[in-house]
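The values are calculated or read from the model by the stated rules, or taken from the named source; none is laboratory data. Keep in mind that this is a model prediction, so the values were computed, not measured. Every residue, glycine as well, gets a Cβ built from its backbone with ideal geometry; the counts of neighbours run over all protein chains shown.
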Amino acid sequence: MDLIPSFSVDHRKVIPGIYESRVDILGDETVTTFDIRMKTPNKEPAIAPAAMHTIEHIIATYLRNDPEWKDKLVYWGPMGCLTGFYMIVKGRPTAAEMYPVMLESFRYLAEYVGEVPGALPENCGNYLMHDLPMAKWEAARYVEYLTTADKDLIFEYPKTEKLKLDDGQEFFDS
């Protein structure tokens, strides 16, 4: 089987950032999937599941209530590796165009005060697994990173070169 696009990215080279992961045409609609990478894969500790869950709840709620994004957001959810999130939006915005809304969303979370939205047994399948203080810490760390990072590096996946072995197998050179 072919690797899916997100597994074809050389995770040894990925740094935190906002990346276009894929673009799909669904009927008359274009949808763009973004990789909202908060951690350097395989080098930094993953985000704790309870903090990840809280980030998911608060940012999904924020985006689905934002006047500009509520009708454009298709999906906001965690990566299985716990190093970031996938965001699927209607249209074809660039990663750089997503920067302001991601910065706003994570700033909102970093300063959030109150109960985690949707963290009740009738609203959530694991309502006890939340960690607001750690989610706020992770959000503040990501905001600081985004505001100080080299913008030439955080909007495009690192380049990899596809090579072939003598037996015809392909691999990506690091």
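Okay, here's what the table says:
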{"quantity": "Complete set of residues in region 138-155 that are over 10 Å from residue 18 (Cα atoms), in a helix (DSSP H, G or I) and not charged (D, E, K, R)", "calculated": "139, 140, 142, 143, 145, 147, 148"}
{"quantity": "Those residues of region 125-137 which are touching a residue at least 40 places away in the same chain (Cβ under 8 Å) and either over 24 Å from residue 101 (Cβ atoms) or not in a helix (DSSP H, G or I) (or both), in sequence order", "calculated": "126, 129, 130, 131"}
{"quantity": "Where residue 100 falls short, out of the listed (1) out of contact with any strand residue (DSSP E or B) (no Cβ under 8 Å at 6 or more places or on another chain); (2) at pLDDT 95 or above; (3) surrounded by 14 or more Cβ atoms within 10 Å (Cβ to Cβ)", "calculated": "(3)"}
{"quantity": "Some residue of region 37-53 being part of a strand (DSSP E or B) and within 25 Å of residue 149 (Cβ to Cβ)", "calculated": "yes"}
{"quantity": "Selection status of residue 132, over 15 Å from the mean Cα position of the chain (by Cα) and over 25 Å from residue 31 (Cα atoms)", "calculated": "yes"}
{"quantity": "Hits in region 80-97 (condition: farther than 17 Å from residue 63 by Cβ and buried (at least 18 other Cβ atoms within 10 Å of the Cβ))", "calculated": "83"}
{"quantity": "Region 88-117, residues that are small (Gly, Ala, Ser) and over 17 Å from residue 148 (Cβ atoms)", "calculated": "91, 95, 105, 114"}
